[in-house]
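Enquirer: Please see the structure below; I have some questions.
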There are 2 protein chains.
Amino acid sequence: MTQFNGRKSLIYLFLAVTCGAEMRALSAETAKLVAPGVWRIHLGQTEKFTPLHFQKLPPYEKGFESLPVIARSPLDSKEIQFEVSSRGCSIALPIGTNEAIYGLGLNTALFDMAQIGGKHTGRRVFLKPTDHPENDLGESHAPVPFYCSSEGYGVFVDTARFASFYTGNVVAKSAGAKKNERTMLVEIPAAKGVDVYVFAGPTPLDAVKRYNLFSGGGCVPPLWGLGLQYRGLGTFGAEESLNLAARMRADHLPCDVWGVEPGWQTKSYSCSFVWNTNRFPHPDEFIQKMHEMGLRLNFWQHAFVHPSSPMYQQLEPWSGNYLVWGGLVPDFATLSGKRIFLEQNRKVLFSLGVDAVKLDECDDQPDSATPWSFPEASLFPSGLDGEQMHSLFGVLYQRAMWEPYMEKGIRTWGLVRDSQALAAPLPYGIYSDSYDHRCYVRGLLNAGFSGLLWVPEVRDAVSIEDLYRRIETAVFSPDTVINCWYMKNPPWDQIDKDKSNRGEFMPNHEEVTAGVRRLLELRMSLVPYLYSAFNEYRQSGLPPIRALVLDWPADPKVREIDDQYMFGSALMVAPMFAGQSSRSVYLPKGTWYDFWTHAKYAGEQTITATNGAEEIPLFVKGGSLLPLAAPVECIGTNTDFDITVHGFGANPADIVLFEDDGVSSAFAKGVQNRIRLHGNQKSHSEERTGNYPSKRYRIVDWQWID
Amino acid sequence: MTQFNGRKSLIYLFLAVTCGAEMRALSAETAKLVAPGVWRIHLGQTEKFTPLHFQKLPPYEKGFESLPVIARSPLDSKEIQFEVSSRGCSIALPIGTNEAIYGLGLNTALFDMAQIGGKHTGRRVFLKPTDHPENDLGESHAPVPFYCSSEGYGVFVDTARFASFYTGNVVAKSAGAKKNERTMLVEIPAAKGVDVYVFAGPTPLDAVKRYNLFSGGGCVPPLWGLGLQYRGLGTFGAEESLNLAARMRADHLPCDVWGVEPGWQTKSYSCSFVWNTNRFPHPDEFIQKMHEMGLRLNFWQHAFVHPSSPMYQQLEPWSGNYLVWGGLVPDFATLSGKRIFLEQNRKVLFSLGVDAVKLDECDDQPDSATPWSFPEASLFPSGLDGEQMHSLFGVLYQRAMWEPYMEKGIRTWGLVRDSQALAAPLPYGIYSDSYDHRCYVRGLLNAGFSGLLWVPEVRDAVSIEDLYRRIETAVFSPDTVINCWYMKNPPWDQIDKDKSNRGEFMPNHEEVTAGVRRLLELRMSLVPYLYSAFNEYRQSGLPPIRALVLDWPADPKVREIDDQYMFGSALMVAPMFAGQSSRSVYLPKGTWYDFWTHAKYAGEQTITATNGAEEIPLFVKGGSLLPLAAPVECIGTNTDFDITVHGFGANPADIVLFEDDGVSSAFAKGVQNRIRLHGNQKSHSEERTGNYPSKRYRIVDWQWID
């Protein structure tokens, strides 16, 4: 990593009165500026295996140019107390009485991490990967030791340990009677030291941007990744998949990606990575036919390798010393482990043109009496122990499976069930077996604080209203996924799983299909807008989906809002849930327009949305240009977009669209266009710069709303 | 600790194929015989602070004489795999396909730890102290790293870490396809080594006995400790306590101990350790008056010291670096911390003749988002970290508060909410805020595997039947406690808490009082029998309360029975729960007599008990002599017992009664009598040996049942 000029600063050593002590006095080091507005504070003897150790990408340095220059670390290293004990180490940082803390991974049950029961009394956030994310303990599908504060700074603790963050609920003896002082205590087991990275603001959003840029910048999915992903029944073979896909095409339901679940393998749980030729007699033909229908393919797998797999013997020395479901646990932190695993995957998947993968079961079950995954005491040939591997397994697996695409110079867009720190550049959305719609929405917001993307997938539904509401949220998410792995037919044919599997269609299935089609077409109309938001994610670290507190940090009313979010620069989404006939929507400072009615609202007020089941409450920020495309059914390499630009308010700000081939990584080498849209009711213009040779976006109309 | 002749044995070192490894090769040591039938296997670099480090008592060597001599360790050290990683270390021991594993502390929700859903597929048992014991994770009020196996051996892992025991549900890669091999994996965080102690059988009970003797032998409560303990409302002052005690005396309800809850202090949560003179204007007079009524006093406290406490300033340097409820956490592992804490307690409690203490809140909340106790990252002046202190806090606190009594040469009999390893000699019963009667019964059985005593206390009740059933279980427990800390009046006046506090009595309260009196009199009739069972606990390690599997190890039908237990040598208890009109009772091999009807049953059959609410199903083992005393209301230093010996079956085995002053520790120096009762329908005898000068037990009658 590039080293910027360092700032000298001494670490304050907290030397408690000890007696027969195991505590150690520690060598202090000066804090170092490692990227613009990013300081590293080195504490004690750091561990070798940390998230940063495995980070292959350098910070996206160009991105920092758009951020304010900050000369001093927002956290003085003198304010940090560091202690080492026989069980690990701890860091105590000061936090204010009403400071809100966001992030720490993909929590779906928590939002402001310093808050409990409406009070800022703090809580323990325990960073463990789990397949049961709807807990209040801090465990999640993506525990990330990074938080951003309402006070406009961020902190990343570079550890692969199951760290606990106490966000103000413990009181150090040294704080004594000073009741208002609060401590952010970070407990790190096993380690005798750690590097802490402090990210300057001045706003919380700036801190998040710096974290994302430090991670390498946000990912840019292929264009096709922004269309619908439909995943068929787990036992579908080639024929059933082709038939259903053809039926969806006939129904003109937009669809870009077809997901194939476990049944493609001879063995799953654990996995053989061998084609089940009963279900798929000619895999290459199947893939070709699906591609011809304009469908990209995403294949399910988990990493645990069944004894019948051809790679088993070779992989054996490069796997952990405990089995999972009788299968080897590949050590992706070793070159050989990764190579052997990828070789078999190349043979059966990548060489056949599979476009993406879904990486299942890479989390854990910390609160179970019978956890299915490898124990924390596991040892791996790389030297990682089980705890570290659990904290890194998701990212190592993602990086490994991304490699074949990078080598070919093409993009992919996968799914994964576990991620961790520094994951912003990884082209994967995180999904869950859980299915609470309210928690799904919270996950969307929280992902944005931690460099993650969250996929609130749709399966069955308790009512047609529930189906619409869930699809609406999926439309306004990074990846719109309908996952029918346990259903024969799509939910618009039948919302009930059992009836679906018996082939019973709902009497009004055609009407519901039409409703769902309209929702999916809304998604397709947003593709150029969302694609540009992703490019912004890469360029400046701005998350495409954000909690309101990131855009309005000075408004105390948005600090605890966890059910409204920004989608790109111009749209605010306020999802509704089945059973709600209305909901409150807070409009932050500025002017707002109802997307559907164009009704105009002054900001800084709470209004009531009463949108019916087929219409998600959606608001356009006044002063925005919103490009909406004529919806297409799928996005091929030659698909162009007819765009109508909608201007909201008297003098909308410019918006820049990102244009490229949509599939290759050439854009990263500059083969791209920027289309600056500028205008108001009196005049408008589009200015295309760049060296991508084609025009995929055609601005066909401008409309003005005020 | 006395070192016996060592046996040489090499530790097999599992050297996994590593690459850039953090794993270390380890120095092996020979296994050592450290007590008869007890071997130590030293693995790696052990930690300083372990349960054994703080064990002040040597093994009770004399007790081993009654056990079979075993020449070889039941676990060959070659069978143990030991691995060290950067996060700690792990031990893998072989277990059999159907091996049952008991112990691992005071679990109330689990029994056979290798079993889940009726199958021996194993589970993870996570040894963390918790105030929410009714979980299936292995957390409990007393996590103990000792287990005994149905195969007739025991294993103690000498660690104060939050260890996980995987009882067969993880599969090592090295086990490969050998499906029937199972592994007991013990994960120990932080430590780079550990001592493992193996306890020979040949039976599971022998292994438990060896563990208890190794711990120093079981405790012997004072005689008064075996009577009823009644705890009054938390805010009771001297007057209310005296009045209610007088009323209980007038009602002839047996009662030996009066519990005073938090209200005696000026501050609680945290605690001031200063008398609240509004409630107790003359503490010494209060204590004297209660003593005059024949009541011993037990005072509540927790260890966290409020800033207003006179000891605060002095204790400050000898406490942990985090506060609990704004109070200091004394470091009982330092001489100064213990001394300062005891000085204040001497001043306000011990010097006034307080007979016992109740030590609250010394556990933790591992699964809470807002744990109230000190964080694991805490540091203590002794050098202990927070994790170690959590694992040891209960035992260190118990030992500290026992000292003033030992110095005076008198016994005490306290209550505590957390305990751990090697606790058999500690004169405390463990209680809980939880209140599930079924779990309470399981706790009684489990305590017996781990050198613990469990107190299934009675508070309010949902019905009069529930009250009777709960008191019945309390009668057949180490300490019969009615804890009315949230109720103004005893539950026999009113089972409903709110009505109790409004002073409303049940219409039939006199009838219920009479019923409860009969149950308490049953307890009092068992005092000499139970006292002798406790002496046996000390002498041979035989737990006074035992799961059936300990007495009938060869009978597969008793292996999973967790709702019947032996109480002393002759009685088998089968508690019933509110709502049950009948229950199954398994009678093991032998002949059995219904305690109430004297009906005779052949063993190895399951019968149905239909005892009404006021009668607990109770069975006498054929061939037993059961001494029953005329019940007294309380046990003073001069109280004698008129005993009728009931002989069951043709040729009952002898029984030995233990007789002494009942209060001092002189018995341990030999000032005691043994009264051997011998006889059958034709002739009988009592043979008193020893040098205690008085006769407290008078055998007034012999009765024969066949």
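The values are calculated or read from the model by the stated rules, or taken from the named source; none is laboratory data. Only a predicted model underlies this, so the values are computations on that prediction, with no experimental measurement involved. Here the Cβ is made from the backbone with ideal geometry for all residues, glycine too, and neighbour counts use every protein chain on show.
Enquirer: Quick one: which residue in B:GLY201, B:GLY216, B:GLY234 is on the phi > 0 side of the Ramachandran plot and more than 14 Å from every other protein chain (Cβ to nearest Cβ)?
Expert: Exactly one residue qualifies, and that residue is B:GLY216.
Enquirer: Here is a follow-up. Please note which strands (runs of 3 or more DSSP E) are completely contained in the stretch B:404-485 and include at least 3 residues that are more than 25 Å from B:LEU205 (Cα to Cα).
Expert: Hits in the stretch B:404-485: B:414-416, B:480-483.
Enquirer: Would you point out the residue of the stretch A:413-431, among those that are surrounded by 24 or more Cβ atoms within 10 Å (Cβ to Cβ) and out of contact with any strand residue (DSSP E or B) (no Cβ under 7 Å at 6 or more places or on another chain), that is nearest to A:VAL663 (Cα to Cα)?
Expert: Going through the qualifying residues, I end up with A:LEU426.
Enquirer: Answer with yes or no whether B:LEU106 is at the interface with chain A (Cβ under 9 Å from one of its Cβ atoms), among the aliphatic types (A, V, I, L, M) and in contact with a helix residue (DSSP H, G or I) (Cβ under 9 Å, 6 or more places away or on another chain).
Expert: For B:LEU106, the condition - at the interface with chain A (Cβ under 9 Å from one of its Cβ atoms), among the aliphatic types (A, V, I, L, M) and in contact with a helix residue (DSSP H, G or I) (Cβ under 9 Å, 6 or more places away or on another chain) - is not met.
Enquirer: Counting just the residues of the stretch A:327-336 that are more than 7 Å from chain B (Cβ to nearest Cβ) and in a loop (DSSP other than H, G, I, E, B), which one comes out surrounded by the fewest Cβ atoms within 10 Å (Cβ to Cβ)?
Expert: Looking at the filtered set, the residue picked out is A:ALA333.
Enquirer: Looking only at the stretch A:529-567, how many residues end up being closer than 20 Å to A:PRO627 by Cα and either among the hydroxyl-bearing types (Ser, Thr, Tyr) or in contact with a Leu (Cβ under 6 Å, 6 or more places away or on another chain) (or both)?
Expert: 8
Enquirer: Additional query: If I filter the stretch A:337-353 for residues that are within 14 Å of chain B (Cβ to nearest Cβ), of a type outside the set (Lys, Arg) and at negative phi, do I get at least one hit?
Expert: yes
Enquirer: Going by what's in this entry, would A:TRP300 be described as at positive phi and aromatic (Phe, Trp, Tyr)?
Expert: no
Enquirer: Further question on the same structure: Kindly indicate whether A:ASP355 is of a type in the set (Asp, Glu) and modelled with pLDDT of 95 or more.
Expert: yes
Enquirer: Which members of the stretch A:306-326 meet the condition of being within 11 Å of chain B (Cβ to nearest Cβ) and either assigned to a strand (DSSP E or B) or more than 24 Å from A:ARG417 (Cβ to Cβ) (or both)?
Expert: Once the filter is applied, which keeps residues that are within 11 Å of chain B (Cβ to nearest Cβ) and either assigned to a strand (DSSP E or B) or more than 24 Å from A:ARG417 (Cβ to Cβ) (or both), the stretch A:306-326 yields A:GLU316, A:PRO317, A:SER319, A:TYR322, A:LEU323, A:VAL324.
Enquirer: Taking the options B:GLY386, B:GLY394, B:GLY353, name whichever one is in contact with a strand residue (DSSP E or B) (Cβ under 9 Å, 6 or more places away or on another chain), surrounded by fewer than 24 Cβ atoms within 10 Å (Cβ to Cβ) and touching a residue at least 60 places away in the same chain (Cβ under 8 Å).
Expert: B:GLY353
Enquirer: When only residues in the stretch A:368-383 that are under 20 Å from A:PHE126 (Cα atoms) and at the interface with chain B (Cβ under 7 Å from one of its Cβ atoms) count, which is surrounded by the most Cβ atoms within 10 Å (Cβ to Cβ)?
Expert: That would be A:ALA377.
Enquirer: How many residues does the stretch B:37-79 hold that are more than 14 Å from chain A (Cβ to nearest Cβ), assigned to a loop (DSSP other than H, G, I, E, B) and hydrophobic (A, V, I, L, M, F, W, C)?
Expert: Final tally of qualifying residues: 7.
Enquirer: Next question, about the same structure. With (1) more than 9 Å from chain A (Cβ to nearest Cβ); (2) touching a helix residue (DSSP H, G or I) at 6+ places or on another chain (Cβ under 7 Å); (3) touching a residue at least 60 places away in the same chain (Cβ under 8 Å) as the list, and B:HIS132 as the residue in question, which single condition is left unmet?
Expert: (2)
Enquirer: Turning to a different aspect of this structure: Take the residues in the stretch B:118-127 that are in a loop (DSSP other than H, G, I, E, B) and within 12 Å of chain A (Cβ to nearest Cβ), then tell me which one is farthest from B:VAL416 (Cα to Cα).
Expert: Looking at residues that are in a loop (DSSP other than H, G, I, E, B) and within 12 Å of chain A (Cβ to nearest Cβ), I get B:THR121.
Yes/no matrix, rows are residues, columns are (1) on the phi > 0 side of the Ramachandran plot; (2) touching a Phe, Trp or Tyr at 6+ places or on another chain (Cβ under 7 Å); (3) within 14 Å of chain A (Cβ to nearest Cβ):
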residue	(1), (2), (3)
B:GLU139	no, yes, yes
B:PRO143	no, no, no
B:VAL155	no, yes, no
B:THR167	no, no, yes
B:GLU181	no, no, yes
B:MET184	no, yes, yes
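Enquirer: Looking at this structure, is B:GLU457 closer than 23 Å to B:ASN107 by Cα, over 20 Å from the mean Cα position of the chain (by Cα) and touching a residue at least 12 places away in the same chain (Cβ under 8 Å)?
Expert: No, not satisfied.
Enquirer: So for the stretch B:570-581 (the condition being part of a strand (DSSP E or B) and more than 18 Å from the chain's Cα centre (by Cα)), does at least one residue qualify?
Expert: yes
Enquirer: I'm told B:GLU151 meets every condition in (1) over 24 Å from the mean Cα position of the chain (by Cα); (2) not in a strand (DSSP E or B) except one. Can you identify the failing condition by its number?
Expert: Every listed condition holds for B:GLU151 apart from (1).
Enquirer: Looking at (1) modelled with pLDDT of 95 or more; (2) within 14 Å of another protein chain (Cβ to nearest Cβ); (3) surrounded by 17 or more Cβ atoms within 10 Å (Cβ to Cβ), which one does B:MET23 not meet, given that it meets all the others?
Expert: Result: B:MET23 fails condition (1) only.
Enquirer: Determine whether B:VAL395 is within 14 Å of chain A (Cβ to nearest Cβ) and farther than 27 Å from B:LEU242 by Cα.
Expert: No; evaluated as a whole, the condition is false for this residue.
Enquirer: Then there is this: Is it true that some residue in the stretch A:204-225 is buried (at least 24 other Cβ atoms within 10 Å of the Cβ), charged (D, E, K, R) and either assigned to a strand (DSSP E or B) or in contact with a Lys or Arg (Cβ under 6 Å, 6 or more places away or on another chain) (or both)?
Expert: No; the residues of the stretch A:204-225 include none that is buried (at least 24 other Cβ atoms within 10 Å of the Cβ), charged (D, E, K, R) and either assigned to a strand (DSSP E or B) or in contact with a Lys or Arg (Cβ under 6 Å, 6 or more places away or on another chain) (or both).
Enquirer: Considering only residues that are more than 27 Å from A:LEU467 (Cβ to Cβ) and crowded, with 16+ Cβ neighbours inside 10 Å, which ones fall in the stretch A:591-600?
Expert: A:THR591, A:TRP592, A:TYR593, listed by residue number.
Here is a yes/no grid of residues against (1) more than 29 Å from A:PRO366 (Cα to Cα); (2) in a strand (DSSP E or B); (3) not basic (Lys, Arg):
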position	(1), (2), (3)
A:PRO143	no, no, yes
A:TYR147	no, yes, yes
A:ARG161	no, no, no
A:GLU187	no, yes, yes
A:PRO202	yes, no, yes
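Enquirer: Give me a count of the residues in the stretch B:80-103 that are within 11 Å of another protein chain (Cβ to nearest Cβ) and charged (D, E, K, R).
Expert: 2
Enquirer: Now a separate question. Only one of (1) under 30 Å from the mean Cα position of the chain (by Cα); (2) in a helix (DSSP H, G or I); (3) more than 30 Å from A:LYS209 (Cα to Cα); (4) free of Cβ contacts under 8 Å to residues at least 40 places away in the same chain fails for A:GLN494. Which number is that?
Expert: (2)
Enquirer: If I filter the stretch A:143-173 down to residues being small (Gly, Ala, Ser) and out of contact with any Cys (no Cβ under 6 Å at 6 or more places or on another chain), which single residue comes out as surrounded by the most Cβ atoms within 10 Å (Cβ to Cβ)?
Expert: Selected residue: A:ALA160.
Enquirer: Would you check if B:GLN672 is buried (at least 16 other Cβ atoms within 10 Å of the Cβ) and polar (S, T, N, Q)?
Expert: yes
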